[in-house]
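Okay, structure first, notes after.
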Amino acid sequence: MINETNDNIVFIAFKPSYGVTEYQVILDKGADTIWASELQIADIFGRDRTVINRHINNAYKEGELDEVATSAKIAQVRMEGDRVIERELLHYNLDVIISVGYRVKSPLATEFRKWATSKLKEYLLQGYTINQELVQSNYKKIKELELQINILNENAFQNQKQITEGFLSIIGQYSKSFNLLNKFDTEELSLEGLNEEIIYTINYADVKKAIQKLKITLIEKGEASDIFGNEKDKSFEGILGSISQTVFGRLAYPTIEEQATQILYSIIKGHPFSDGNKRIGSFIFVWFLEQNNFHLNSEKRRKIDNNTLVALA
């Protein structure tokens with residue numbers, strides 16, 4: 001169940017190009033999707049609720065969508081008189097909404113699909129939106145942080161632990177990247193130059209085998225227990241499915257860099273495993289780069305070394 005008071009939940013309004021009616025739906029930044037109730041979908045597409053219900057049920061019966069992965073009860077709090085009432089209402093995610101939109105074939109359905117795609121790119125491409133005001137208000141602190149980091153780097157002993165060096169390097173790069181983050185927030189950041197030559201499409205079966213090999217290796221070293229890599233539910237399969245999903249014939253994450261980043265972010269943040277989420281996320285991140293022959297730089301050195309990966313995770 002999802003609570004509408006969750007920090008990841010944002011209410012947004014879809015307003016068609018014609019008419020004055022606005023339709024409120026839920027944008028879930030945590031799950032990278034949009035939620036709407038059956039009644040809301042019916043209102044948006046201008047169809048009777050029974051028609052929408054039939055299309056949703058057919059999508060599930062035909063195996064087009066997984067009901068567990070694409071529906072959720074959302075707790076909504078309302079005031080009725082002087083009473084606070086909490087109700088659970090079944091909602092459907094963007095996959096369902098788009099599927100129904102194709103089935104009803106209305107002009108408004110097409111417009112909603114385009115609008116939803118735009119909103120997902122705006123809010124969810126990197127899993128979060130950088131707050132421009134926060135970046136600006138902390139600019140002075142960021143500059144101070146850069147100065148302190150430079151001093152630490154200049155005075156670091158030659159025999160300093162490698163992990164510390166890697167960590168300082170990441171912090172330095174991070175603090176110097178706020179300008180880029182600010183550009184992303186204001187939609188001024190260009191994604192040109194990223195690699196769209198994806199030669200390997202990630203899939204659940206391959207990844208499960210890779211994780212199992214990692215688990216065996218770590219257990220033999222005494223660095224993992226039997227619950228390492230055990231899936232809590234079907235959320236991990238859903239994460240991998242979202243990496244290679246397409247929207248209107250185009251990949252939602254069309255570059256190797258975006259897919260790899262989303263893999264690392266989603267596994268660590270989503271906690272789909274009982275144990276080992278950070279290690280598995282980091283492992284699959286590097287493994288995915290290797291499958292796409294994108295793990296080495298022009299000098300044949302690893303782009304992401306072990307220390308950098310630890311600092312990132």
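The values are calculated or read from the model by the stated rules, or taken from the named source; none is laboratory data. All figures in this text were calculated on a predicted structure; none of them were measured in a lab. Note: ideal-geometry Cβ built from the backbone for every residue, glycine included; neighbour counts use all protein chains shown.
Mind checking which residues of the stretch 8-43 are within 16 Å of ILE98 (Cα to Cα) and of a type in the set (A, V, I, L, M, F, W, C)?
PHE14, VAL25, ILE26, LEU27, ILE34, TRP35, ALA36, LEU39, ILE41, ALA42
Quick check on the stretch 250-267. Is at least one of its residues within 30 Å of GLU111 (Cα to Cα), buried (at least 16 other Cβ atoms within 10 Å of the Cβ) and at pLDDT below 80?
yes
Considering only the stretch 90-112, how many residues are over 19 Å from the mean Cα position of the chain (by Cα) and in a helix (DSSP H, G or I)?
12
Please tell me if GLU220 is closer than 16 Å to PRO272 by Cβ and acidic (Asp, Glu).
Judged against the criteria, GLU220 is not a match.
Taking the stretch 275-313 only, how many residues are modelled with pLDDT of 85 or more, in a loop (DSSP other than H, G, I, E, B) and under 21 Å from ASP206 (Cβ atoms)?
Count: 3.
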